[in-house]
Amino acid sequence: MSNSADSPAHNSETIEIRTPSLTDGADLWRIAEGTGVLDVNTPYAYLLWARDFAETSVIATVDGEAAGFISGYLKPTDPSTLFIWQVAVDSRFRGRRLASRVLAQVVANSGAGRLETTITSDNAASIALFTGLARDHGTEITKQDLFTEDLFPPQEESGEHHAAEDLYTVEPLKR
């Protein structure tokens, strides 16, 4: 899918939203690393993601430059549920509604009737993104506890503190 940006300040840009390929794996890692807030996995993990979960993930490019991505997968125990793992937009490309555009595209591509994601309580941008998706689908978003802080390794062991991750569910999704 290719289209021009909606914002007047960026109306001459070409934005492409597509499934990632192996050659995008390094860019996925770079974007995740560049956010400064995502749990960044090894570059190898992003290569695997681009190989094994490309059909439920998307990358956005702006004038051919990697600008953002969403990684997701259909749950093996419930293939009608799309789980969104990471949403990332490079800081240079924010303000173009890329996150909501790539989310809409990955949801449409998946054919899922239900979406799940986990979000920490301090991540207002992600909460707003998924609340907007629910609104766009004319449905509700619900939240429940899922991964409490005590489930993560202690900071002394892992080198980082990990806040609790709440499970957000959006259903039903329009198909």
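The values are calculated or read from the model by the stated rules, or taken from the named source; none is laboratory data. Quick caveat, the model's predicted, so the values are computed rather than measured. All Cβ positions, even for glycine, are placed from backbone atoms using ideal geometry, and neighbour counts span all protein chains on display. Note: areas computed on protein heavy atoms with side chains; ligands, DNA, RNA excluded. Shrake-Rupley method; radii C 1.70, N 1.55, O 1.52, S 1.80 Å.
I'd like to check one number: the per residue accessible area of the range 28-173, probe 1.4 Å, reported in Å² as a whole number. All intermediate terms of the calculation are to be shown ahead of the outcome.
On the way: 7550 Å² over 146 residues.
Solvent-accessible surface per residue comes out at 52 Å².
If you roll a 1.4 Å probe over the chain with all protein chains in place, what percent of the accessible area is carbon or sulfur? Could you put the intermediate results ahead of the total?
Working: 4820 of 9450 Å².
For the chain, the apolar C and S fraction of the accessible surface comes to 51 percent.
Mind giving me the nanometre distance, one decimal, between the label points for D122 and Y44, set 7 Å out from Cα along Cα→Cβ?
3.1 nm
Could you pull out the GluC sites (Glu not before Pro) across the range 139-173 that fall in loop regions by DSSP (anything but H, G, I, E, B) with no more than 14 other Cβ atoms inside 10 Å?
Numbers: sites: E140, E149, E156, E157, E160, E165; in loops: E160.
Here the GluC sites (Glu not before Pro) that fit, given the DSSP loop and packing criteria, are E160.
Sort the range 29-175 into rounded, prolate or oblate with this rule: let a ≥ b ≥ c be the square roots of the eigenvalues of the Cα gyration tensor; rounded if a/c is under 1.5, and if a/c is not under 1.5, prolate when a/b is larger than b/c, oblate otherwise. Before the final figure, lay out the partial values.
Values: a/c = 1.42, a/b = 1.09, b/c = 1.31.
Because its axes are fairly even, with a/c under 1.5, the range 29-175 counts as rounded.
How much length would be gained if the chain were fully extended between R94 and R135, taking 0.36 nm per residue of separation minus their Cα-Cα distance, in nm to one decimal?
Working: separation 41, 0.36 × 41 = 14.76 nm, distance 2.14 nm.
Taking 0.36 nm per residue and subtracting the Cα distance, the gain is 12.6 nm.
I want to verify a result. In a Gaussian network model of the chain, Cα cutoff 10 Å, which of these has the top mean-square fluctuation: V62, V107, V37?
Answer for the Gaussian network model of the chain: V37.
Before rounding to the nearest 500, sum -39500 (n - 2.57) across all DSSP H runs of length at least 4 in the chain and divide by the residue total; then give [θ] at 222 nm in deg cm²/dmol.
Values: 5 runs with 51 residues, N = 175.
Taking each H run of at least 4 residues, the total per residue is -8500 deg cm²/dmol.
Could you please state, rounded to a whole Å, how far the C-alpha centre of the range 44-93 is from the C-alpha centre of the range 104-163?
14 Å
For the range 74-153, state the semi-axes of the equivalent ellipsoid (square roots of 5 times the eigenvalues of the alpha-carbon gyration tensor), sorted largest first and rounded to whole angstrom.
Values: eigenvalues 82, 68, 33 Å².
Three semi-axes, in Å: 20, 18, 13.
Mind giving me the nanometre distance, one decimal, between the label points for R114 and A26, set 7 Å out from Cα along Cα→Cβ?
4.0 nm
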